[in-house]
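J.: Before I ask anything, let me first share the structure, which is written out below as C-alpha cells.
The values are calculated or read from the model by the stated rules, or taken from the named source; none is laboratory data. This structure is a prediction, so every number in the text was calculated from the model and none was measured. Glycine also receives a Cβ, built like all others from the backbone with ideal geometry; neighbour counts cover every protein chain displayed.
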Amino acid sequence: MQYQYPLQMSFKVLAFGPQVFIRNASEQEIFYVHQKAFKLKEDVAVYSDSSKSNQVYRIQADRILDISAEYTLSDTGGAPVGKIKREGMKSVWKASYMIMDGSGQMTHHLKEDNPWIKVLDSVIGSIPLVGIASAFLFHPSYTIYQAGSETPVLRVKKQAAFFEGKFSIESLSEIADPVAENRLLLGVMMVALLERARG
C-alpha cells in the first residue's frame, strides 16, 4: 500500500459541478476532481490536489449517457492504465462494476453490499426536514473484490455528514502494485459520481 488508510472521500454537494476529494489518514489530498456540469459524455480530469496544478489522470466515457458505458482511465501521456464498466442491467438494482487493467483484463469487481440501504437513504433524504435524519441513519457501502478469488480488497462506506457526501475507504487486504491501487481509487471516485447521479 502506498497510502495511509483509512482514506476519506468527500463530495462538495453544493458546488456548481461536483467536486470530489480523496485524502489520506493525515488529511493530505491524494486525488481531486471538479466535474463539469451538464456534460452528456463524461470526460473527467483528475488532479493530485485541489490547486489543479498537476493533472495525473483522465477518465473518458466511450459513449453518451448509457447504462453499459465503459470508462477509460489514462495517464497524462494518454496511455491507458485501466477501465471501469458498469454491468448493464445487472447493475440497475444492485450496483456492480468491473475494474480492468490497461489491456482490458478484469482484475477487480466492485459490488454494492445492500441496495435497500441506498434506496432508503435516497427516499428519506429527499423529504424536507425529515431527510436530515438520513445523513445519520443510512450508510450505503460497496466492496471491491479481487477477480476470480473474490477476496475483499477495499470497502467504501458512506459516513454521517451534513452538506457534503462523505465516505471512508478501508483497506481489507494488501495491494502491492501502486498502479493497481490508483486504478481502484479512481474506480471508486467514478462509481461514486455515477451512483450519486442515479440517486
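J.: Can you name the residue in the range 77-90 that is at pLDDT below 90 and either surrounded by fewer than 17 Cβ atoms within 10 Å (Cβ to Cβ) or out of contact with any Phe, Trp or Tyr (no Cβ under 6 Å at 6 or more places or on another chain) (or both) and, of all such residues, is nearest to G102 (Cα to Cα)?
T.: My answer is E87.
J.: Take E170 and decide whether it is of a type outside the set (V, I, T), at pLDDT 95 or above and either surrounded by fewer than 21 Cβ atoms within 10 Å (Cβ to Cβ) or not in a helix (DSSP H, G or I) (or both).
T.: Numbers: of a type outside the set (V, I, T): yes; at pLDDT 95 or above: yes; either surrounded by fewer than 21 Cβ atoms within 10 Å (Cβ to Cβ) or not in a helix (DSSP H, G or I) (or both): yes.
Here the answer is yes, as E170 does meet what is asked.
J.: Only one of (1) modelled with pLDDT of 90 or more; (2) β-branched (V, I, T); (3) part of a loop (DSSP other than H, G, I, E, B) fails for I144. Which number is that?
T.: (3)
J.: Which condition breaks for M106 when tested against (1) modelled with pLDDT of 90 or more; (2) aliphatic (A, V, I, L, M); (3) surrounded by 14 or more Cβ atoms within 10 Å (Cβ to Cβ)?
T.: Status for M106: all satisfied but (3).
J.: Going through the range 22-45 one residue at a time, which ones are at negative phi, of a type in the set (A, V, I, L, M, F, W, C) and at pLDDT below 95? Don't jump to the end; show me each part of the working.
T.: Looking only at the range 22-45, we keep the residues that are at negative phi, and these are 22-26, 28-37, 39-45.
Those still in the list that are of a type in the set (A, V, I, L, M, F, W, C) too: 22, 25, 30-31, 33, 37, 40, 44-45.
A25, V33, A37, L40, V44, A45, listed by residue number.
J.: Test of understanding: among S74, S50, which residue is at pLDDT 90 or above, assigned to a strand (DSSP E or B), over 15 Å from the mean Cα position of the chain (by Cα) and among the polar types (S, T, N, Q)? Give the steps one after another, and end with the answer.
T.: Working: S50 fails: assigned to a strand (DSSP E or B).
The unique qualifying residue is S74.
J.: Kindly evaluate L154 against the criterion of being closer than 24 Å to R58 by Cα, among the aliphatic types (A, V, I, L, M) and at pLDDT below 95.
T.: Values: closer than 24 Å to R58 by Cα: yes; among the aliphatic types (A, V, I, L, M): yes; at pLDDT below 95: no.
Criteria not met by L154.
J.: To continue, here is another question. Can you name the number of the only condition in (1) in contact with a helix residue (DSSP H, G or I) (Cβ under 8 Å, 6 or more places away or on another chain); (2) modelled with pLDDT under 85 that Q159 fails?
T.: Condition not satisfied by Q159: (1).
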